[in-house]
Amino acid sequence: MDTAVRLFPTLLFVLIIATAPVTAATGPTSPCFHGEGHQFDIGGEGAGIDLVVFLSMFENLGGAGGFGMEASGDIGNQSIIQLRAGVAFDGVGPVTDFLSNPFSRFSVVYDYSMNLPMFADSGLDSSYNADGSPVSGIRTKQC
């Protein structure tokens with residue numbers, strides 16, 4: 001049961017990508033990741049997901065880079081959900097420092113927010129923000 005609960009968001013994401021019209025472009029930058037990302041616009045009129053995938057860790061070997069994504073889900077002009085997640089790499093730097101502790105050059109990127117504007121007037125708390133990493137033992141990079 002626990003595995004099914006964890007797989008559901010991934011399967012939902014794959015289903016959305018597989019059935020939605022997609023356009024791709026290159027070039028967006030981010031305060032979270034080094035280099036340029038690869039942009040995908042999923043969906044059409046009404047609801048959509050803007051997705052930017054960063055692969056600069058593999059495109060700029062040895063230098064500063066990142067591996068991750070930024071996604072923003074919107075309905076009309078209302079932003080509903082935003083997620084930034086991945087790994088940032090500060091570059092190799094001094095070789096002796098890198099070899100003595102290679103993980104010191106990595107950090108987790110995590111920033112999540114959800115806003116439900118349709119409940120804003122109800123008196124309920126209609127937004128949620130989290131920027132603390134769900135991974136322990138490695139530093140978190142704030143965006």
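The values are calculated or read from the model by the stated rules, or taken from the named source; none is laboratory data. Everything numeric here is computed off the predicted structure, so don't read it as measured data. Note that we place each Cβ from the backbone using ideal geometry, even for glycine, and neighbour counts take in every protein chain shown. With ligands, DNA and RNA removed, areas are computed over all heavy atoms of the protein, side chains included. Shrake-Rupley method; radii C 1.70, N 1.55, O 1.52, S 1.80 Å.
Coupling constants for segment 109-120 follow from the phi torsions by the Karplus curve (6.51 cos²θ - 1.76 cosθ + 1.60, θ = phi - 60°), and in residue order they are 9, 8, 8, 9, 8, 9, 9, 10, x, 5, 9, 4 Hz; glycine and proline get x. Ranked by solvent-accessible area (1.4 Å probe, protein heavy atoms only, all chains present), the residues Ile81, Ile42 order from largest to smallest as Ile81, Ile42. Counting Lys and Arg as +1 and Asp and Glu as -1 over every other residue whose Cβ lies under 12 Å from the Cβ of Ser104, the net charge comes to 0.
The mean accessible area for residues of segment 73-137, using a 1.4 Å probe and ignoring ligands and nucleic acids, is 65 Å² per residue.
Pairs of Cα atoms in segment 38-141 fall into 10 Å distance bins, from 0 up to the last occupied one, in shares of 14, 33, 28, 16, 7, 1 percent.
Label sites at Ser136 and Val92, each approximated as a point 7 angstrom past Cα along Cα to Cβ, lie 3.4 nm apart.
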